[in-house]
Amino acid sequence: MITCDIICNRIDRHLAHFYTGFSQLHKHGFVHLKQTRSSHPHAWIGIEVHVNSSVKLYYDVSDNKIVNTDILDNVHFYFKRSFL
């Protein structure tokens with residue numbers, strides 16, 4: 001079974017579809033879902049997911065063309081919602 005640990009740093013309407021999608025995957029038995037509150041929330045709007053404690057994903061949903069290089073350097077895959 002795939003385990004996904006969602007690291008939450010804030011609540012934002014742009015993140016709702018991620019929470020819903022991961023919840024549905026869990027509900028239908030595709031993943032085991034855990035949620036962890038970030039110990040150091042930051043202003044960046046995004047969600048970090050650790051897959052099987054080995055692969056780190058980051059979904060950046062901010063509406064700008066800036067890529068957060070601090071986060072980029074610490075994850076395996078960085079997904080950007082929009083690029084202007």
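Read-outs: derived from the displayed coordinates by stated rules, not from any lab. For clarity, every value in this text was computed on a predicted model and none was experimentally measured.
General observations
- Shape of the chain, Cα gyration tensor, a/c cut at 1.5: prolate
- Under the criterion of Cα pairs below 8 Å and six or more residues apart, the relative contact order for the chain equals 31 percent.
- Proximity of backbone amide H atoms, modeled 1.01 Å from N, is registered between V31 and H26 at under 5 Å, excluding neighbours fewer than 5 places apart on the same chain.
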